[in-house]
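The values are calculated or read from the model by the stated rules, or taken from the named source; none is laboratory data. Everything numeric here is computed off the predicted structure, so don't read it as measured data. Backbone-built Cβ (ideal geometry, glycine too); neighbour counts: all protein chains shown. These accessible areas exclude ligands, DNA and RNA; they are computed on the full protein's heavy atoms, side chains included. Shrake-Rupley method; radii C 1.70, N 1.55, O 1.52, S 1.80 Å.
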2 protein chains.
Amino acid sequence: MSEFARLSLNQKTVDRWTMRETLEGCARAEIPFVGLWREKVAGLGLRETVRLLRELDLQVSSLCRGGFFPTSSQTAFEANLDDNFRAIEAAAKLGTKVLVLVCGAAPDHDLNKAREMIAKAIAKLAPFAAQHKVKLGIEPLHPIFAADRSAIVTLEQANDIAEQHPPEQVGVVIDAYHVWWDPKLEAQIARAAKQIVGFHIDDWIVPIPDPLLGRGMMGDGVIDLRNMRRAVDAAGYTGPIEVEIFNRAIWDSPGDQILERIKQRYLEHVLEPSLEPVKQEYPV
Amino acid sequence: MSEFARLSLNQKTVDRWTMRETLEGCARAEIPFVGLWREKVAGLGLRETVRLLRELDLQVSSLCRGGFFPTSSQTAFEANLDDNFRAIEAAAKLGTKVLVLVCGAAPDHDLNKAREMIAKAIAKLAPFAAQHKVKLGIEPLHPIFAADRSAIVTLEQANDIAEQHPPEQVGVVIDAYHVWWDPKLEAQIARAAKQIVGFHIDDWIVPIPDPLLGRGMMGDGVIDLRNMRRAVDAAGYTGPIEVEIFNRAIWDSPGDQILERIKQRYLEHVLEPSLEPVKQEYPV
């Protein structure tokens, strides 16, 4: 079995590539999984995307993204739920088990209310997701995004919500960049156990070039990714390990180079070091 | 009693001002407390600073800062502890009850080890602080600083450490910018209770202009400061409320204007709205 059997490329990592370029690039690099974004799927068309995935023998690790639940009106809340129902249908057609949720922030500075709306929305979506054999993956974001992207900022919160539902309906997505700082990380990964539906890898560069578009390639920052991967494995997660890096400098590099770098860093910083001894030539 | 009886100006908010300008500015604006920084005290000299504080009838709410405990060698650890002993002595001479601790980050990416070193350092400092009638105030920083400034990133962590010590030796400093995102904030403020030794106010601007130097004036961001102040009051804290804003654009404004703006925003966003009815003139 290949060392890259669990590797997935989230297509945001090669943002300049079209859907077709991304899928063909993964096939060339022998990366078996790809994480897709709804707008890119819409760009090529759902049907053609599915056809190309089959032709190239690629699997979809997750679809990004549902969520953004807190709204300032009931009408907007319902309209957004509708959009999330469509996202679940798209995930099912793409053959992925996971719709990633970026839950959204408070429109009016009331974090508690936003958190209630998020829990309510997930409860409405979960049975529909289950009918489509899609799991909702709650992704806690780094607290730096609490004001504009997600009122769910710790794995503990995500676990609290996920536990309200059967594990075949709702789980959590662990992204290294978002959770590495958390003093409760190890305990909450262990608690998440069979609820883990995604593991994203990237790095935290010091100082961060930009909160949104300055995430690092594995090994360029301070996160102990190998240790985190061990903890996620120990909790029982055996699914794809998805590389998702929003970084302007990386986007400006040629896509094939990015994929080669990812594979190299994945071996160096995420997998176990090879146990085979280095071959040495001794003089006779 | 003045509405500004609890107001304190942390001198970093008017970073362009010298110590003398800062103290004279506070006296002119009738702000009774000032939060000082060690390097600025060194600039004017400790003795002259103390003399001027007395002359102007100002009190020191806190001295910034001790901390930065995790180091990569035992020698560096001891040298840093020595520096913290000097900081405690300076705090005592300045007549403040609080030395603010910014605890420091992991030199080698090992957060757990860094956290152990922090707890160990505080245990070594606490009795010395108590002898000088100074409390160590553990300030959890926003997780955005986990890699370079503080491995202590939640109030829960700070409370966990503080509770290992008598409340007259070690407490916590709550800074709105650092903690507002935390889903456990209310519970941890209530838990902190008599351990709270400082309350800092500022705001989280969206999007943040810069993690370090883009903190907002109260009212310019998304934090519900009045609600947080109520929670801190309800926990039993009756001490100074210190305005600490690191912001390049504010630094470029004239100091007296900054102080007037602070007083206005303090009334509008932090204190209770006045209950006195607005006087209206009716035609006879």
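Quick notes on this one:
- Criterion violated by B:Phe145 - all others in (1) away from chain A (no Cβ under 14 Å); (2) within 21 Å of the chain's Cα centre (by Cα); (3) of a type outside the set (Lys, Arg) satisfied: (1)
- The set of residues from segment A:192-230 being under 22 Å from B:Ala151 (Cβ atoms) and within 16 Å of the chain's Cα centre (by Cα) comprises A:Ile201, A:Asp202, A:Asp203, A:Trp204, A:Arg215, A:Gly216, A:Met218, A:Leu225, A:Met228, A:Arg229.
- Some residue of segment A:103-115 being within 15 Å of the chain's Cα centre (by Cα), more than 21 Å from B:Gln157 (Cβ to Cβ) and buried (at least 23 other Cβ atoms within 10 Å of the Cβ): yes
- As a summary of the residue check, B:Pro254 satisfies the conditions (1) in contact with a Gly (Cβ under 9 Å, 6 or more places away or on another chain); (2) free of Cβ contacts under 8 Å to residues at least 12 places away in the same chain; (3) farther than 20 Å from A:Asp110 by Cα except for the one numbered (1).
- Condition met for B:Ile189 (in contact (Cβ under 8 Å) with a residue 40 or more places away in the chain, more than 12 Å from chain A (Cβ to nearest Cβ) and more than 15 Å from the chain's Cα centre (by Cα)): yes
- Segment A:122-138, subset within 14 Å of A:Ala158 (Cα to Cα) and open to solvent by less than 10 Å² (accessible area, probe 1.4 Å), residue nearest to the other protein chains (Cβ to nearest Cβ): A:Ile138
- Residue within segment A:270-278 that is outside any loop (DSSP other than H, G, I, E, B) and modelled with pLDDT of 95 or more present: no
- Residue pairs whose Cβ atoms lie under 9 Å apart, separated by 6 or more positions or on different chains, with the first residue in segment A:51-70 and farther than 25 Å from A:Val102 by Cα and the second open to solvent by 70 Å² or more (accessible area, probe 1.4 Å) and of a type in the set (Val, Ile, Thr), do not occur.
- Qualifying residue in segment B:124-142 (condition: more than 16 Å from B:Leu81 (Cα to Cα) and in contact with a Cys (Cβ under 7 Å, 6 or more places away or on another chain)): no
- Residue under evaluation B:Ile223, criteria (1) in a helix (DSSP H, G or I); (2) in contact with a helix residue (DSSP H, G or I) (Cβ under 6 Å, 6 or more places away or on another chain); (3) within 12 Å of chain A (Cβ to nearest Cβ), criterion not met: (1)
- Residue list for segment B:169-208, restricted to those being closer than 13 Å to B:Ile138 by Cα and open to solvent by 30 Å² or more (accessible area, probe 1.4 Å): B:Gln169
- Here segment B:226-238 is the region considered, the condition is being assigned to a loop (DSSP other than H, G, I, E, B) and not aromatic (Phe, Trp, Tyr), and the residue that is most open to solvent (accessible area, probe 1.4 Å) is B:Thr238.
- Within segment A:145-158, being open to solvent by 10 Å² or more (accessible area, probe 1.4 Å), touching a residue at least 40 places away in the same chain (Cβ under 8 Å) and not polar (S, T, N, Q) holds for A:Ala147, A:Asp148, A:Arg149.
- Residues that are more than 14 Å from chain B (Cβ to nearest Cβ), out of contact with any Lys or Arg (no Cβ under 8 Å at 6 or more places or on another chain) and open to solvent by 10 Å² or more (accessible area, probe 1.4 Å), drawn from segment A:159-168: A:Glu163, A:Gln164, A:His165, A:Pro166
- Matching residues, segment B:216-225, being free of Cβ contacts under 8 Å to residues at least 40 places away in the same chain and open to solvent by less than 10 Å² (accessible area, probe 1.4 Å): B:Gly216
- Search result, residues across segment A:1-33 that are polar (S, T, N, Q) and modelled with pLDDT under 95: A:Ser2
- Evaluation of A:Ala119 against the conditions (1) free of Cβ contacts under 8 Å to residues at least 12 places away in the same chain; (2) within 14 Å of chain B (Cβ to nearest Cβ) shows that the sole unmet condition is (1).
- Comparison of B:Leu63, B:Leu99 shows that the only residue that is under 20 Å from B:Ala27 (Cα atoms) and in contact with a helix residue (DSSP H, G or I) (Cβ under 8 Å, 6 or more places away or on another chain) is B:Leu63.
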